[in-house]
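The structure under discussion appears below in the form of structure tokens.
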There are 2 protein chains.
Amino acid sequence: MKEFNLKTPNLAEGEAEQKRQEILAYFNRTFDLDDKLYETLKDEKAFYMRADQLRHPLIFYYGHTSCFYVNKLVLAGLLPAHINPVFESMFAIGVDEMSWDDLNDKNYNWPSVDEVRNYRNTVKSTIIKLIKELPLRLPIEWKNPFWPIIMGIEHQNIHIETSSVLIRQLPVELLQNASFNAICDSDEQPVQNELITIEGTEMQLGKPHHHHLYGWDLEYGNFEEQVQDFKASKYLVSNAEFLAFVEDQGYHNEKWWTEEGWSWRTYKKAEHPLFWEKDAESYQLRLMTSIVPMKWSFPVEINYLEAKAFCNWKSAKTGKKLRLPTEAEWYRLVNHCQVQDATEWETAPGNINLEHFTSPCPVNQFSFGDFFDVIGNVWQWTESPITGYPGFKVHPLYDDFSTPTFDGKHNLIKGGSWISTGNEATLHARYAFRRHFYQHAGFRYVEAEHEPNIRIDSYETDEEVAISCEENYGDDYLGIKKYPLQLVEILEKQIKNPSEKKLLDLNCNTGRLAFEASTIFKEITAIDASARFIRPAIELQKNGLLRYVIQDEGDLQLFKDVVLNDLKLNKNTNRIQFMQDDAMKLKERYRNFDAVVAFNLLEELQNPSVFLNEIHKRINQDGIFILGSTYQWKEAITPKENWLGGFKKYGEPVKSMEGINDILSTQFTLVSTPFDLKHIARKSSRNFEVMHSEVSIWRKK
Amino acid sequence: MKEFNLKTPNLAEGEAEQKRQEILAYFNRTFDLDDKLYETLKDEKAFYMRADQLRHPLIFYYGHTSCFYVNKLVLAGLLPAHINPVFESMFAIGVDEMSWDDLNDKNYNWPSVDEVRNYRNTVKSTIIKLIKELPLRLPIEWKNPFWPIIMGIEHQNIHIETSSVLIRQLPVELLQNASFNAICDSDEQPVQNELITIEGTEMQLGKPHHHHLYGWDLEYGNFEEQVQDFKASKYLVSNAEFLAFVEDQGYHNEKWWTEEGWSWRTYKKAEHPLFWEKDAESYQLRLMTSIVPMKWSFPVEINYLEAKAFCNWKSAKTGKKLRLPTEAEWYRLVNHCQVQDATEWETAPGNINLEHFTSPCPVNQFSFGDFFDVIGNVWQWTESPITGYPGFKVHPLYDDFSTPTFDGKHNLIKGGSWISTGNEATLHARYAFRRHFYQHAGFRYVEAEHEPNIRIDSYETDEEVAISCEENYGDDYLGIKKYPLQLVEILEKQIKNPSEKKLLDLNCNTGRLAFEASTIFKEITAIDASARFIRPAIELQKNGLLRYVIQDEGDLQLFKDVVLNDLKLNKNTNRIQFMQDDAMKLKERYRNFDAVVAFNLLEELQNPSVFLNEIHKRINQDGIFILGSTYQWKEAITPKENWLGGFKKYGEPVKSMEGINDILSTQFTLVSTPFDLKHIARKSSRNFEVMHSEVSIWRKK
């Protein structure tokens, strides 16, 4: 099927009108391939069968890839209106994200195949017209009107592959090879796998925003990871190699499985890989449209959970620490083997892009130097849950492509398969699935002494905490500077030689003040009463990255990434000790500070007087105490008899500052007149809370 | 007791050091009079008896007047600290504001009389020192450090009178005349009362802020009231005149009483005025420290409820419409009789300021031309519930002197009594008590065809409504202009010849936009779904005055007055029709508008599409529709299926403006790109909500 040539185009270089023709050809070839895929359904009823109880029938995907173009182009303002609103609703949302024990009880009234085919043709003509008429200027980057067109094409390429997996789960009698007839029929004598050493090095992951190939939003960024020495298996694990696990009762021995894996195994009652079909004593292999005698030299195709169980079993058998590679280790392997990216090859160096077979092939057929199948044949599961690289930004035209998978439950697959085309066949491709999902995916194992570096970096969705994150690290609104930056300016004015001084930050919240102070103070103890609020600060200290979700309009959300490095706050984070503690019952060891900040703390205390009466014990002579509060006393937190002010006493109004002054003036001198510090909490894109905290600065007598 | 000369000093004119001596003398005389009052308690146990179950015993008031000086001077920053914090708490708050059926179960551990006397002496020396040492600059106005000193003196004068009423309710055997021995012992043959006509005129009430005499905050302002012709009784009602009501079973006949009055009568089982004592067949009269045979020519002393019942009874008997005078009618009487103010007389023209008697005297003793006792003898109940004049401002040093009484339940008494001194004896004095309370107070009745003009002007305390009032009429915060003013600017730009045009203001809230528009449009219909919110607008339209309470810090509050006249919005209020209605079900008659404003309405509707689909029917061709919304959809108000945006549809984010555009563009043309309008709601002194409403302007096709 080499005629399809589904290599994703270079979007940076070339001449505009020629690029237009190239894109048009790419669109046509992709659309045609998609058409051809559905020609394998020889019986129309195959369109309406559920190949997988957790997925829509193929009729959905038949409409989905076309409808996607329309929805994105309407959203981008490039199409004036919907073409078929009913279809564009019905075919809009897949159900790929369900857990394996979800049940889908929805009833759909699917249209006929002809109706959908007509719709596809209408969409195709519309897109062709657009490609011909839209103004085209190179380079094509995120905001270029051609971006959503390439997005539609790449989306179609993805579904060509995922639909081929669904077809592989339909009854073969309803299917035919059609154009997908380049099935590899060789089956070499299975080879003995072996482990080959790869030297560790510092890896740079992620591609720059000006990269010349289309990328999904989660491919961009720059992430450095130190890869240590490891050994990797020369071949992907073959059906033959996996058989030993099956025959050793691997599917019946809980101890090889992760908790998630065993739970899945038990629910599914799996006995062997999904595409193995047991026929009396022998196994057969289910390919996309046919069943063939078991190809023992082909890579085994399993989900992550099975691959992981195999590694655990094999570790026990061999006494080696075996596991799947991480994403960085896979890239290290790519570098080691000097694998070329799709646009650079004349002919694919592996079983990929439909350039060689319409099926997998033996694991020892495509060599990349010492190793085989570094790319192509089947995808390779990794240990890495997917997450954006630091600084990740959502593409506004497809704002839920990536973020729903940043949950620690979706693992990356790398390398592509025989049917991976377009972006899928590029080295930067980053796809991930729930660990129980099936794709054309197998694995290579690695041996390493060290534990894999697993980052999850899920989004902080706790609304109050996320608001605090934005208050600390987000944008400025209404021209009001973020309050931790205002506080650090006060500290800079008040504290001489801070590099020799110790700071105590009480009510440190999500930590911005502590990070700012770490650039000037010798030591910072940052305390918050709430684990919820301090967690993002600790995340930032540990990984330099913080993610959170804020409210846009209605239910819509915005995803935010904070990279400590970008804020130039990453150099001295070891000077900070973040602790969860109650400011009213601080441990004895918090003593001898040269500066103490307690911002908006009083109103969070059950008895603020207790705190104010004790704080002097923790501050050195001549040390500075910076107190700020909105005095928003809430009876649920601070019983009225403990308020510092905001009530009448002897019939006269008492302001909170008077109550504070009564307590503090015995041990402190007021440095200057109290003043108001404005700060702002963003509740949504259209709603902000502005607070005026009164700040007073005290010097310990 | 003329030696006391308790005329309140001229605070505007004179030489500073001489004024200091004058104030010192005024302070000393007042303090001495207060001392002398307590000398009437010949037995110390009289200090601890409850003269009235709803009031503290006299020991409280003995401490209270001194403690008041200290508390106010500490609050004003003129005293560095409290003198006796225990006393200054215990003696701070009286219980004068209770309803007649409240019960006071508090236990107090009162100090000894000697302890309190010593405390009074300490306070007295402290104040004398202050008066001698404080810098004094004339004129003495609100912010002058001498103001709280005069305030303390006038407060003491008030309590000299109110304590004398309490003493009047103690057992006589515990009392002696002491210095209060100028009891009037004449008792003329009772005179026949008669009604004398007074011509109506426009009255100016209230005194200016630069007035030369001390005033309580509620005396200031400028209020015009049209007084119509009326007749007033020549004399105050005497005991003799009132006896006819008692003998006619007035206390047993519900029909003469207001509901409140009858309820009080029944609870108290009153049979005759409180200070009448029935002894077998005859009545005796209780004076301050003694009981004497009934003085039939003395004015009857009753509460408002009894006075009102008498008027109703007498109206029925005479066929005349009799009632009490209003405050304005009392001032009309003062003008008619050309009564001089306290500072202008050599000798008091009436039985007032202790210049003549230490008791009431016959109602025909002090003539003011046609009438008697226009001031002095006993206070005169009026029909007017007390309220501040428009533009009323709370004095910050005594923020609860006035506002707790602006509730429609406290009626003004005017004219002063034999023991009214200082400010009490001035014509601008405005004191008010609950209608069931006793003071040295009687009444004069008037005959008038018209109903009295009763303003209540109580403070809007509904927190949400008050926030809206401040948003509409209050201060600007954070440099953001009030949203109705921003909207009126848009209207001015969009509408040509507005003086010929009709405006519909939907979600008019507390009405500022409607009032602003009334200066330029021909006709305004202003609709709100909530009676709570539209009520202040209607108040403003009717009375030109709006009062509301906003939150300061904690429980503290700020009182705000809006005067339509001050905003220059009072000329065309008749062009506005305020209506309560549901924008989704507007009545048919709301049609043919040239401009419609719907600001922050959509988010308040159960189904905003229904509204948007219908609104074109109410707008003339080429008419303008101005729509603004924060899109803060709340499921409790707008079910999610009715949201206009802020959700995903076909998997794509839909902004509310898209939903609006889909509906409106069939009947309207968008005039310009939608833009954001910032507005701000003040939640408290330290907490503000800033919202960004998207505004779009549409022209009817």
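With respect to the conditions (1) in the same structural domain as B:ALA12 (by TED's automatic domain parsing); (2) over 21 Å from the mean Cα position of the chain (by Cα); (3) within 28 Å of B:PRO293 (Cβ to Cβ), B:THR162 lacks only one, and its number is (2). Mind checking which residues of the range A:149-198 are β-branched (Val, Ile, Thr) and part of a helix (DSSP H, G or I)? Correct list: A:ILE149, A:ILE150, A:ILE153, A:ILE158, A:ILE160, A:THR162, A:VAL165, A:ILE167, A:VAL172.
Of the residues making up the range B:508-548, those that are in contact with a helix residue (DSSP H, G or I) (Cβ under 6 Å, 6 or more places away or on another chain), crowded, with 22+ Cβ neighbours inside 10 Å and part of a strand (DSSP E or B) number 5.
For the range A:30-63, the set of residues classified as free of Cβ contacts under 8 Å to residues at least 60 places away in the same chain, open to solvent by 40 Å² or more (accessible area, probe 1.4 Å) and closer than 24 Å to A:ASN84 by Cα consists of A:ASP32 only.
Results for (1) buried (at least 19 other Cβ atoms within 10 Å of the Cβ); (2) within 24 Å of B:MET49 (Cα to Cα); (3) modelled with pLDDT under 95; (4) in contact with a strand residue (DSSP E or B) (Cβ under 9 Å, 6 or more places away or on another chain), shown as yes or no for each residue.
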position: B:LYS72; (1), (2), (3), (4): yes, no, yes, yes
position: B:LEU75; (1), (2), (3), (4): yes, no, yes, yes
position: B:PRO80; (1), (2), (3), (4): no, no, yes, no
position: B:PHE87; (1), (2), (3), (4): yes, yes, yes, no
position: B:ASP102; (1), (2), (3), (4): no, yes, yes, no
position: B:ILE149; (1), (2), (3), (4): yes, no, no, no
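From the list A:GLY646, A:GLY659, the one residue that fits, being at positive phi and either among the small types (Gly, Ala, Ser) or at pLDDT below 95 (or both), is A:GLY646.
How many of the residues in the range A:220-262 are among the hydroxyl-bearing types (Ser, Thr, Tyr) and in contact with a Leu (Cβ under 8 Å, 6 or more places away or on another chain)?
Summing the residues that are among the hydroxyl-bearing types (Ser, Thr, Tyr) and in contact with a Leu (Cβ under 8 Å, 6 or more places away or on another chain) in the range A:220-262 gives 2.
Residue-wise test of (1) touching a strand residue (DSSP E or B) at 6+ places or on another chain (Cβ under 6 Å); (2) more than 17 Å from A:HIS440 (Cα to Cα); (3) hydroxyl-bearing (Ser, Thr, Tyr).
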residue: A:VAL334; (1), (2), (3): no, yes, no
residue: A:CYS337; (1), (2), (3): yes, yes, no
residue: A:CYS361; (1), (2), (3): no, no, no
residue: A:GLN380; (1), (2), (3): yes, no, no
residue: A:ILE386; (1), (2), (3): yes, yes, no
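Note on the range A:355-373: residues that are of a type in the set (A, V, I, L, M) and in contact with a helix residue (DSSP H, G or I) (Cβ under 6 Å, 6 or more places away or on another chain) total 0. Applying a threshold of 7 Å to beta carbon distances and a minimum spacing of six or more residues, or different chains, the list of pairs starting in the range A:476-490 at a residue that is aliphatic (A, V, I, L, M) and ending at one that is open to solvent by 40 Å² or more (accessible area, probe 1.4 Å) reads A:LEU478/B:LEU478; A:ILE480/A:LYS678.
Where residues in the range B:71-81 are at negative phi and without any contact (Cβ under 8 Å) to a residue 40 or more places away in the chain, which of them is nearest to the other protein chains (Cβ to nearest Cβ)? Quick ask: steps written out before the conclusion?
Here is the first cut: in the range B:71-81, the ones at negative phi are B:71-76, B:78-81.
Okay, now just the ones that are also without any contact (Cβ under 8 Å) to a residue 40 or more places away in the chain, so B:71, B:74, B:80-81.
Numbers: B:ASN71: 5, B:VAL74: 8, B:PRO80: 12, B:ALA81: 10 Å.
This residue is B:ASN71.
Looking only at the range A:305-321, residues that are touching an Asp or Glu at 6+ places or on another chain (Cβ under 9 Å) and polar (S, T, N, Q) come to 2 in all. Give me the pairs, please: first residue somewhere in the range A:676-688 and more than 7 Å from chain B (Cβ to nearest Cβ) and open to solvent by less than 40 Å² (accessible area, probe 1.4 Å), second residue anywhere and among the aliphatic types (A, V, I, L, M) and not in a strand (DSSP E or B), beta-carbon distance under 9 Å, and either six or more positions apart or on two chains. Pairs that qualify, where the first residue is more than 7 Å from chain B (Cβ to nearest Cβ) and open to solvent by less than 40 Å² (accessible area, probe 1.4 Å) and the partner is among the aliphatic types (A, V, I, L, M) and not in a strand (DSSP E or B), are A:LEU677/A:LEU487; A:LEU677/A:ILE490; A:ILE680/A:LEU478; A:ALA681/A:ILE467; A:ARG682/A:ILE467; A:SER685/A:LEU556.
If we keep just the residues of the range B:591-608 that are of a type outside the set (A, V, I, L, M, F, W, C) and buried (at least 18 other Cβ atoms within 10 Å of the Cβ), which is nearest to B:LYS522 (Cα to Cα)?
Initially, the range B:591-608 is screened for residues of a type outside the set (A, V, I, L, M, F, W, C), giving B:591-592, B:594, B:600, B:603-604, B:606-608.
Subset that is buried (at least 18 other Cβ atoms within 10 Å of the Cβ): B:594, B:600, B:603-604, B:608.
On the way: B:ASP594: 11, B:ASN600: 24, B:GLU603: 29, B:GLU604: 28, B:PRO608: 29 Å.
Result: B:ASP594.
Taking B:SER629 as the residue in question, decide whether it is hydroxyl-bearing (Ser, Thr, Tyr) and within 40 Å of the chain's Cα centre (by Cα). Against the criterion (hydroxyl-bearing (Ser, Thr, Tyr) and within 40 Å of the chain's Cα centre (by Cα)), B:SER629 qualifies.
So, of the residues in the range B:516-553 that are more than 24 Å from B:PRO498 (Cβ to Cβ) and of a type in the set (S, T, N, Q), which turns out to be farthest from the other protein chains (Cβ to nearest Cβ)?
Applying the filter and picking the extreme gives B:ASN543.
Return the residues of the range B:639-658 that are open to solvent by less than 50 Å² (accessible area, probe 1.4 Å) and more than 10 Å from chain A (Cβ to nearest Cβ); say none if nothing qualifies. Hits for the range B:639-658 are B:PRO639, B:ASN642.
When the range A:689-701 is limited to residues that are of a type in the set (Lys, Arg) and in a strand (DSSP E or B), the one that is farthest from the other protein chains (Cβ to nearest Cβ) turns out to be A:LYS700. Report yes if B:GLU463 is at pLDDT 95 or above and acidic (Asp, Glu), otherwise no. It is false that B:GLU463 is at pLDDT 95 or above and acidic (Asp, Glu). Out of the residues in the range B:82-91 meeting the condition of being without any contact (Cβ under 8 Å) to a residue 24 or more places away in the chain and within 10 Å of chain A (Cβ to nearest Cβ), tell me which one is farthest from B:TYR62 (Cα to Cα). This residue is B:HIS82. Against the numbered list (1) on the phi > 0 side of the Ramachandran plot; (2) in contact (Cβ under 8 Å) with a residue 60 or more places away in the chain; (3) within 10 Å of chain B (Cβ to nearest Cβ); (4) not small (Gly, Ala, Ser), A:ASP622 comes up short only at (3).
When you go through A:LYS129, A:LYS143, A:LYS124 one by one, which is the residue that is among the basic types (Lys, Arg) and modelled with pLDDT under 95?
On the way: A:LYS129 fails: modelled with pLDDT under 95; A:LYS124 fails: modelled with pLDDT under 95.
The match here is A:LYS143.
Go through the residues of the range B:123-143 one by one and say whether even a single one is in contact with a strand residue (DSSP E or B) (Cβ under 8 Å, 6 or more places away or on another chain) and open to solvent by 10 Å² or more (accessible area, probe 1.4 Å). No: the range B:123-143 contains no residue that is in contact with a strand residue (DSSP E or B) (Cβ under 8 Å, 6 or more places away or on another chain) and open to solvent by 10 Å² or more (accessible area, probe 1.4 Å).
So, in the range A:554-598, of the ones that are within 14 Å of chain B (Cβ to nearest Cβ) and over 16 Å from A:GLU470 (Cα atoms), which residue ends up nearest to the chain's Cα centre (by Cα)? Outline the logic, then answer.
Step one: of the range A:554-598, the residues within 14 Å of chain B (Cβ to nearest Cβ) are A:554-559.
Still in the running and over 16 Å from A:GLU470 (Cα atoms): A:554-556.
Numbers: A:GLY554: 24, A:ASP555: 20, A:LEU556: 18 Å.
In this case the residue turns out to be A:LEU556.
The values are calculated or read from the model by the stated rules, or taken from the named source; none is laboratory data. None of the values given here were measured: they were computed from a predicted structure. When we count neighbours, we look across all protein chains shown, and the Cβ atoms used for this are built from the backbone with ideal geometry, even at glycine. Just the protein is used for accessible areas: all its heavy atoms, side chains included, with ligands, DNA and RNA removed. Shrake-Rupley method; radii C 1.70, N 1.55, O 1.52, S 1.80 Å.
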